Amino acid sequence: MRDTLPLLDAIPFPALKRGRLDTLQVNVGYRCNQSCVHCHVNAGPNRTEEMSGDIADLVLAVLDRRAIGTLDITGGAPELNPHFRRLVRGARARGVRVMDRCNLTVLSEPGQENLAAFLAAEQVEIVASMPCYLADNVERQRGKGVFDGSIRGLQRLNALGYGRDEGLVLNLVYNPQGPSLPPPQAALEAEYKRILGEAYGIVFNNLFVLANMPIQRFGSMLVSKGEIDGYLQLLQDAHLDANLDGVMCRSLISVDWQGYLYDCDFNQMLDLPLARGEKPRAQLSDLLDTDFDGHQIRVAGHCFGCTAGQGSSCGGALEAAE
Ligand code: SF4
Ligand code: SF4
C-alpha cells in the first residue's frame, strides 16, 4: 500500500473549526465480506480489528451525555461486529437516528438471514454503496458477484418497505470509477431511479454522489498508475469556498474501533487523530466532558475531496443538500 499522506500534507487547505456536534460516526471494525478497489478503509475478510462491547457501551453513554441526534455506524461491514445489534437497539431506545453503512451483500451472508428484518424493525436508515446500475462497472470496483448480491439485497429491503414506507429510508451512494469528479447528483439520481426501477423493480429514496478520496487503496492505486498528481490538482482546481461551511467534520466526530477520535472517517484512515490539549489522541471518554466545539480541524490536501465541485459529505453533494 502506497502512503499518500506526505503528498497530502504538502498541500495547504483553508483553516476550519468545528461547530456544534450532532453526529457520532462510529467505525466498529475493518472486517468486511468484500474487498473493494475504492475502499478507503482497506477493509476485507481477513481484517480482525473490531470494537469491543465496553467501547460500544461507552458510545451509548456519549450519546446520552452529549444529546447526539445521529449515530452513523460504519466499518468494514458494521453488521459483522458482534455488538452491532446491541448498539443499534441502545441508540434507537434513546430516540437517536441510526444510519447503517450497509454493503447490501452482507444481508445474504451466513448467519445474517434476519439482518434486514432487524434493521427494518429498528427503523435504521440504510446507506448503501452502489457505484453504478451496470453489473460490469460495479464488479470492477467491488468484486465478482457483488452486483447480483446487491440487487438481491435491495429487493429484500424493498420487500420490507425500505424506500417506500415512512421511516424506512434507503439511500444509495455513487462514486466515480476512476480519478474524475462525480456528475451532478440530481440528474444521476433520476437515471438510477429509472434504470433500477425498470430493470429490477427497485425503489430508493436518495442517491448520494461522492468524490473518491485520494487515500488508502484508491490513493495507492493512483500513485502506482502515476495519476495521483493529476487527481490532486483536479480536486484543488474544482474547490469552492461555498462548500467549506457544509463539510461534515464541522458537525461530526469519527470514532475508531478502539475508541480514539478523529475529525472524520478519512482522517481516521490517514491516522490524523483529534488531539485534546497535551493529549495527542483524544478518546471517546473525552466526549463525556467536552464536545470539541470551536476546536481546530486537522486539514490537508485530501480535504479538497470534500469541497471540489458540488462537494461531498456523508449526505452526498453539498450544494444539492442545501
Ligand atoms: S463493502 Fe465497503 S467496507 Fe467493505 S471493502 Fe467495500 S468499500 Fe470497503
Ligand atoms: S476530509 Fe473532509 S470531512 Fe475530513 S477533515 Fe477534511 S474537509 Fe473535513
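The values are calculated or read from the model by the stated rules, or taken from the named source; none is laboratory data. Every value quoted in this text rests on a predicted model; they were computed, and no experiment measured them. So basically every Cβ, Gly included, is an ideal-geometry build from the backbone, and we count neighbours across all protein chains shown.
Residue-wise test of (1) of a type in the set (Ser, Thr, Tyr); (2) closer than 22 Å to PHE304 by Cβ.
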{"site": "HIS38", "(1), (2)": "no, yes"}
{"site": "MET51", "(1), (2)": "no, no"}
{"site": "ALA61", "(1), (2)": "no, no"}
{"site": "THR70", "(1), (2)": "yes, no"}
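Looking at HIS40, HIS83, just one residue is touching a residue at least 24 places away in the same chain (Cβ under 8 Å) and either touching a Ser or Thr at 6+ places or on another chain (Cβ under 6 Å) or closer than 26 Å to ASN212 by Cβ (or both), and that residue is HIS40. Of all residues in region 44-63, those satisfying the criterion of being in contact with a helix residue (DSSP H, G or I) (Cβ under 9 Å, 6 or more places away or on another chain) and outside any helix (DSSP H, G or I) are GLU50, MET51. Screening region 24-43 for residues that are of a type in the set (S, T, N, Q) and assigned to a loop (DSSP other than H, G, I, E, B) and picking the one that is nearest to ligand 2 (Cβ to nearest atom) gives ASN42.
Only residues that are at pLDDT below 90 and not hydrophobic (A, V, I, L, M, F, W, C) were counted in region 278-321, giving 8.
Listed by position, the helices (runs of 4 or more DSSP H) enclosed by region 203-322 that each have at least 2 residues that are touching a residue at least 12 places away in the same chain (Cβ under 8 Å) and under 22 Å from GLY29 (Cα atoms) are 216-225, 265-269. From the list GLY145, GLY149, the lone residue that is touching a helix residue (DSSP H, G or I) at 6+ places or on another chain (Cβ under 6 Å) and either at pLDDT below 95 or within 16 Å of ligand 2 (Cβ to nearest atom) (or both) is GLY149. Assess whether ILE68 counts as being in contact with a strand residue (DSSP E or B) (Cβ under 7 Å, 6 or more places away or on another chain), assigned to a loop (DSSP other than H, G, I, E, B) and on the phi < 0 side of the Ramachandran plot. Yes, satisfied. Taking the criterion of being more than 6 Å from ligand 1 (Cβ to nearest atom) and surrounded by 18 or more Cβ atoms within 10 Å (Cβ to Cβ), the residues of region 30-41 that qualify are TYR30, ARG31, ASN33, HIS38, HIS40. Residues of region 2-29 that are within 14 Å of ligand 1 (Cβ to nearest atom) and of a type outside the set (Val, Ile, Thr): GLN25, ASN27, GLY29. The residues of region 90-114 that are farther than 13 Å from LEU157 by Cβ and hydrophobic (A, V, I, L, M, F, W, C), listed by number, are ALA91, ALA93, VAL96, VAL98, MET99.
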